[in-house]
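Working notes for the structure below.
The values are calculated or read from the model by the stated rules, or taken from the named source; none is laboratory data. Model, not experiment: these values are computed from the prediction. As a convention, Cβ positions derive from the backbone with ideal geometry for all residues, glycine included, and neighbour counts pool all protein chains shown. For the accessible areas, the whole protein counts, side chains as well, though only heavy atoms, and no ligand, DNA or RNA atoms are used. Shrake-Rupley method; radii C 1.70, N 1.55, O 1.52, S 1.80 Å.
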Amino acid sequence: MAEIIEMPKLSDTMTTGTLIKWLKQEGDEISSGDMIAEVETDKATMEVEVFEDGRLLKQYVQEGDSVAIGSPICAIGEEGEEAPEVEVETAAPPEESDSDESDGTNEEEEPETDDAEPVAEENESVSAPAPAPSVKSTTDDGRVKASPLARKVAEEMGVDLSRVQGTGPGGRIVKADVEQASQSPQTPGAGTSGPSFTFGSIEEKTEKVSNMRATIAKALVKSKTEAPHFYLQSEVDAEALANIRQDLNSFLAELPAQDGGIKFTVNDLILKAAAMAAVQVPGINRSWQKDTIKQYGSVHLAFGVAIDDGLVTPVIRDAQNKSLREISTEARELIKKARDRKLKPDEMSGSTLTVTNLGMFGITDFYGIINPNNAAILSVGATIKQPVVNAHDQIVVGYRMKVGLSGDHRVIDGAVGAQYLDALRKLLEKPSILVV
């Protein structure tokens, strides 16, 4: 008897899935463990695995279709067996945007454009409106006939009077002629005489909101509206952090991986410090649960990874118990999975604290929106070289990094946030502790 394969629940918040691509076609032989399709969930695009042997008898869902969890997507059975007829529960289409309305507006504007073109053609042959061709704006000896005010205005606006057609008595150029000429693209000196430069073009397009983008929007709006955010910032002397990373990488990065070779990033050190600081200030590692506030016994550390069409936050579990090397290795693997869209639901859920880092883009300071169910998110900026005052009151070159914290005031207060940032700062300024 044919086995009906249903749309699986691939994340804890998933309600529907969009079948992006079939990896097996009708008639193909299927073995247990085969991946048969790629499905876009609310968090990532993932492959659907089956645990049956047989033939793919029928695909009930076409590529691009969105269906509810539990809805049939295909049937697997014996070769020659007839696939049963089933009812597929498709997801409701997204609400129509106002793009149609915009199109209608554009259609109404087109006739106006057509009417305007002949006027533009006429203007190409003259420099000013209502010209009197038989009346020259210059005297016989070539001197321009213009009022003193027109000359003054022309000088201020950079308009060449020899190219302006006068409309005053006897073809005399008046102030209005100069102002009109300054608006004309044909008039040198009006800011249009130089070469024009372009930097390519931007494609105008309208895209359907993906499941991932819709979930990001829903979660962050919920967080921003329900969690009363407060913000703190600390400045870190990052010179020691940069030095220890350079020292570690100058030796370890040259080794083969099998001999312990590894290249640490600044983010690796920040993740390690964030987890250690949470142990020192456990009040940051909490969540609001309506009637209770839960303090977690482990730091499940999430970090933001930008992918082509969204953002995911893979989680390093029990980060407080892991070495810098373990955190670096796990972070690297999770980043690769995220970019290959191979993250599993349990690899991007259950976080207790989140770190987001935009330093690699040159952003010096910002505040992230709290990852729902966390009490805080750390926002890490770029390390920059700047003048600082040292312990001897001398102005010297220093390296500074700004770390922001957005806190949920239902769960933590400013003092707890400040204590956490202070603990984090001390760890980052004494980074040798991070490699012990």
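Apart from one condition, ASN373 fits all of (1) within 25 Å of SER11 (Cβ to Cβ); (2) open to solvent by 50 Å² or more (accessible area, probe 1.4 Å); (3) touching a Lys or Arg at 6+ places or on another chain (Cβ under 6 Å); the exception is (3).
GLU49 satisfies every condition listed in (1) in contact with a strand residue (DSSP E or B) (Cβ under 8 Å, 6 or more places away or on another chain); (2) among the acidic types (Asp, Glu); (3) in contact (Cβ under 8 Å) with a residue 24 or more places away in the chain; (4) over 14 Å from ARG341 (Cα atoms) except (3). Look at (1) charged (D, E, K, R); (2) outside any loop (DSSP other than H, G, I, E, B); (3) under 28 Å from the mean Cα position of the chain (by Cα) and you find that ASP365 fails only one, number (2).
For (1) surrounded by 16 or more Cβ atoms within 10 Å (Cβ to Cβ); (2) in contact (Cβ under 8 Å) with a residue 60 or more places away in the chain, each residue gets a yes or a no:
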site	(1), (2)
ALA240	no, yes
LEU248	yes, yes
PRO256	no, no
PHE264	yes, yes
LEU269	yes, yes
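Scanning the range 367-379 for residues that are touching a residue at least 60 places away in the same chain (Cβ under 8 Å) and hydrophobic (A, V, I, L, M, F, W, C) gives ILE369, ILE370, ALA375, ALA376, LEU378. Beta carbons closer than 9 Å, at least 6 apart along the sequence or on distinct chains, pair a first residue in the range 353-366 that is over 26 Å from GLY283 (Cβ atoms) with a second that is among the basic types (Lys, Arg) and open to solvent by 30 Å² or more (accessible area, probe 1.4 Å) for THR364/ARG400; THR364/LYS402. Within the range 368-387, if we keep just the residues that are assigned to a strand (DSSP E or B) and of a type in the set (A, V, I, L, M, F, W, C), the residue that is farthest from the chain's Cα centre (by Cα) turns out to be ILE384.
When restricted to residues that are under 15 Å from ALA275 (Cα atoms) and surrounded by fewer than 19 Cβ atoms within 10 Å (Cβ to Cβ), the range 400-422 contains 2.
Yes or no: VAL299 surrounded by 17 or more Cβ atoms within 10 Å (Cβ to Cβ), under 19 Å from ILE216 (Cβ atoms) and not polar (S, T, N, Q)? Criteria not met by VAL299.
Only one of the numbered conditions (1) in a strand (DSSP E or B); (2) surrounded by fewer than 20 Cβ atoms within 10 Å (Cβ to Cβ) is violated by GLY80, and that is (1).
Exactly one residue among ALA302, ALA319, ALA382, ALA391 is in contact (Cβ under 8 Å) with a residue 12 or more places away in the chain, among the aliphatic types (A, V, I, L, M) and farther than 21 Å from LYS43 by Cβ, and that residue is ALA382. Is there a residue in the range 393-405 that is under 26 Å from GLN289 (Cα atoms) and either aromatic (Phe, Trp, Tyr) or assigned by the TED database to the domain that holds GLN233 (or both)? Yes, there is a match, as at least one residue in the range 393-405 is under 26 Å from GLN289 (Cα atoms) and either aromatic (Phe, Trp, Tyr) or assigned by the TED database to the domain that holds GLN233 (or both).
Mind checking whether some residue in the range 202-212 is open to solvent by 50 Å² or more (accessible area, probe 1.4 Å), more than 30 Å from ALA382 (Cβ to Cβ), touching a helix residue (DSSP H, G or I) at 6+ places or on another chain (Cβ under 7 Å) and part of a loop (DSSP other than H, G, I, E, B)? Yes; the residues of the range 202-212 include at least one that is open to solvent by 50 Å² or more (accessible area, probe 1.4 Å), more than 30 Å from ALA382 (Cβ to Cβ), touching a helix residue (DSSP H, G or I) at 6+ places or on another chain (Cβ under 7 Å) and part of a loop (DSSP other than H, G, I, E, B). Residues in the range 319-336 that are open to solvent by 60 Å² or more (accessible area, probe 1.4 Å) and touching a strand residue (DSSP E or B) at 6+ places or on another chain (Cβ under 9 Å): GLU326 alone. When every residue of the range 56-75 is checked against the conditions, none turns out to be under 21 Å from SER32 (Cβ atoms), open to solvent by 80 Å² or more (accessible area, probe 1.4 Å) and in contact with a strand residue (DSSP E or B) (Cβ under 9 Å, 6 or more places away or on another chain). Taking the listed residues ILE20, ILE30, the one that is open to solvent by 40 Å² or more (accessible area, probe 1.4 Å), touching a strand residue (DSSP E or B) at 6+ places or on another chain (Cβ under 9 Å) and either touching a residue at least 40 places away in the same chain (Cβ under 8 Å) or aromatic (Phe, Trp, Tyr) (or both) is ILE20, with no other qualifying. Quick check: is even one residue across the range 341-349 open to solvent by 10 Å² or more (accessible area, probe 1.4 Å), in contact (Cβ under 8 Å) with a residue 60 or more places away in the chain and in contact with a Pro (Cβ under 6 Å, 6 or more places away or on another chain)? The answer is yes; a qualifying residue exists.
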